[in-house]
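Below: the structure, in structure tokens.
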Amino acid sequence: MCGIVGYAGTRECGDILIDGLRRLEYRGYDSAGVAIHTTNGVERVRAEGKLANLERAFRDTPLHGTVGIGHTRWATHGRPSEANAHPHMVDGFVVVHNGIIENHMELRDELEAGGDRFESETDTEIIAHLVARERPKTDSLLEAVRNTMAQVRGSYAVVVMNADEPDLMVAARQASPLIVGLGDGENFAASDVPAIMMHTRDVVFMNDGDFAVIRRDSVEFSDTSGAPVTHTAKRILWDPVSAEKQGYKHFMLKEIHEQPDRIIDTMRGRVSLETNHVHFPDMALDDEVLSSVKRIIILACGTSYHAGMVGRYAIEKLARVPVEVDLASEFRYRDPVIGEGTLIVAISQSGETADTLAAVAEAKRRGAKAIAICNVIESTLTRVCEGTIYTHAGPEIGVASTKAFTTQLVALYLLAIWLAQERGTQEPAERIELLEGLRRIPGQIEKCIQDEARIREFARNYVDVHSFLFLGRGMQFPIALEGALKLKEISYIHAEGYAAGEMKHGPIALIDDDLPVVVVAPRNEHYEKVLSNLEEVKARGGRVIAVTSEPAGDVLRHADDVMTIPEVPELLQPLVTVIPLQLLSYCIADIKGTDIDQPRNLAKSVTVE
Ligand code: G6P
């Protein structure tokens, strides 16, 4: 997490840095700061809380200069405060950092024993101390940074400046994203493309172990040994982030409404209307790998993990390949067995989630091939995998994932259909029917979204409860998990998702009128069974909100509130049952007045373990 921006050029850089940070706020938003070379050396402005606080502080104390760095933070070491906000400065050496220095305790002890005094509780400040210690022993700031990074263990994207060397900054990357933007008489460093895209579209994606010396008229790359590295800039062709709410109260609501169009984007160019075949023109995966797939392991975190759980049902059903789904954070440490013919499918909206990247690296180290399902173009995940199915969801700004999830589901359905088609495990007629079903989904989601006003009405009755239970069976189990996750993320109400069949093994003890139960019960092969679960809840005095297919029929008699979905093929139901759950969470949170787009303690991109 944490967002970094650096600028070396000829323009006043204060606004350039703050504007860049605004586009990186999704990475963290608990404090922020900038440091700029001014006529008085390097000066800093930092503020606790949202970026707006930094903007206010900067307006009160503007800094003038044409070389500077900025940072928006998601606290790992030390609480969010002005003292812990980056940039950190020691004897004129200034540092912004994204990542975690794992050996920070021993380094800090050593530095303190040598007489250094620390101003913050962060691991980052250590880097500033070390650079200050190394610089006098070396010829250049680059050398001092290289010697410093050789002493730290962990992940980092860092940019360093020195008050005595006003025309350059040094950047280094290890397991945290960092890019360099090449402009005309000005150059940039940033954690992500949107931060600098309005200034340049020529970008170098730094690799692990890369160092860069960035000046207004040059950028030089080198590796850990000091040898020069040549990079060719990539031209970014996609559109700038549409960071506008376009009349919606929150980005999350806008993104919920965008889902029909984004799903069309996910399918675009991948389903032939003439032949009804699925193909992935942009994903290179050779036939040999494909034909030798014996087992698939899906790796992901958070909402992407829930998408993976749905994907397992679809792939196993259609392509008859055994699929495991694992949380990336668990997989990476469990000494996994990777047999021959194992294909990893890594799912990540951002493509920068540290655990997912590490899990893929672990699997590849053990001989697996990996493909990604990812939203962010050129993100790290897409560069370490053999191929990528881009979801084309467009930038997702709301921290609670909505359109990223449904587009991931569509990508997984397409993957399942494609595997089935290539392996000959599905009748063409069934494929055609399923593809027709997929084409109707955007219109059906549209219909679900129109229910918002009615959902808002009954959501009022639930804003004061302390806990929710979400139940689902089969493919609706991951949807129950996702519904619970959405609610807790943005409303701060505790919520638990459970497999409906497991209710009797524990959660039933909790049921009373203070624990609303959301039952996901569309008409499908599990319908009768889930209805029984619903009745069991009612029999114990529980309040029930049901998601079911229209007409609601039997469910109406037992549920206190009902949200309906149109009739869709059973396999595709998760794409629509999740919509009312997104809206329910949104409405409850909105009525409560929480910070929906930037909920407390969370971040959009989790680049630390
Ligand atoms: C964070 C986000 C979630 C997301 C998860 C995994 O927790 O808040 O919305 O699902 O990370 O992120 P990824 O980018 O890998 O999908």
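Going through Gly308, Gly226, Gly302, Gly269 one at a time, which residue ends up being touching a residue at least 24 places away in the same chain (Cβ under 8 Å), of a type in the set (Gly, Ala, Ser) and surrounded by fewer than 13 Cβ atoms within 10 Å (Cβ to Cβ)?
Gly226
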Subject >> Scope the range 50-80; condition under 24 Å from the mean Cα position of the chain (by Cα) and part of a loop (DSSP other than H, G, I, E, B); matching residues >> reply: Lys50, Trp74, Ala75, Thr76, His77, Gly78, Arg79, Pro80
**OP:** Scan the range 374-402 residue by residue and report those that are within 20 Å of Val608 (Cα to Cα), in contact with a Ser or Thr (Cβ under 7 Å, 6 or more places away or on another chain) and within 11 Å of the ligand (Cβ to nearest atom).
**Re:** Cys374, Asn375, Val376, Ser379, Leu381, Ser401
**OP:** Scan (1) more than 30 Å from Asp451 (Cα to Cα); (2) in a loop (DSSP other than H, G, I, E, B); (3) not basic (Lys, Arg) for the single condition Tyr248 breaks and write down its number.
**Re:** (1)
Subject >> Top-ranked residue of the range 572-597 - restricted to ones that are surrounded by fewer than 23 Cβ atoms within 10 Å (Cβ to Cβ) and under 27 Å from Gly351 (Cβ atoms), ranked as farthest from the ligand (Cβ to nearest atom) >> reply: Leu572
Original post:
Is it the case that Val325 is buried (at least 18 other Cβ atoms within 10 Å of the Cβ), touching a strand residue (DSSP E or B) at 6+ places or on another chain (Cβ under 8 Å) and in contact (Cβ under 8 Å) with a residue 24 or more places away in the chain?
Top reply: yes
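Just one of Ser176, Ser140 is crowded, with 19+ Cβ neighbours inside 10 Å, outside the structural domain of Ile377 (by TED's automatic domain parsing) and hydroxyl-bearing (Ser, Thr, Tyr); which is it? Show your work before the answer.
Values: Ser140 fails: crowded, with 19+ Cβ neighbours inside 10 Å.
Within the list Ser176, Ser140, the selection yields Ser176.
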Original post:
Are any residues in the range 1-57 among the hydroxyl-bearing types (Ser, Thr, Tyr) and either within 23 Å of Leu168 (Cα to Cα) or surrounded by fewer than 20 Cβ atoms within 10 Å (Cβ to Cβ) (or both), and if so, which ones?
Top reply: Tyr7, Thr10, Thr38, Thr39
Original post:
Taking Ala361, is it within 16 Å of the ligand (Cβ to nearest atom) and either outside the structural domain of Gly247 (by TED's automatic domain parsing) or surrounded by fewer than 16 Cβ atoms within 10 Å (Cβ to Cβ) (or both)?
Top reply: yes
Original post:
Out of all the residues in the range 517-535, is one or more over 19 Å from Gly474 (Cα atoms) and either in contact (Cβ under 8 Å) with a residue 40 or more places away in the chain or buried (at least 17 other Cβ atoms within 10 Å of the Cβ) (or both)?
Top reply: no
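Would you confirm whether or not the range 335-345 contains a residue that is within 16 Å of the ligand (Cβ to nearest atom) and at pLDDT 95 or above? Full working, then the answer.
Initial filter on the range 335-345 (within 16 Å of the ligand (Cβ to nearest atom)): 344-345.
Restricting the remaining residues to those that are at pLDDT 95 or above gives 344-345.
For the range 335-345, residues within 16 Å of the ligand (Cβ to nearest atom) and at pLDDT 95 or above: present.
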Original post:
Checking Gly311 against (1) within 11 Å of the ligand (Cβ to nearest atom); (2) part of a helix (DSSP H, G or I); (3) not aliphatic (A, V, I, L, M), which single condition isn't satisfied?
Top reply: (1)
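The values are calculated or read from the model by the stated rules, or taken from the named source; none is laboratory data. All figures in this text were calculated on a predicted structure; none of them were measured in a lab. Quick reminder, even Gly has a Cβ in these numbers, built from the backbone with ideal geometry, and neighbours come from all protein chains shown.
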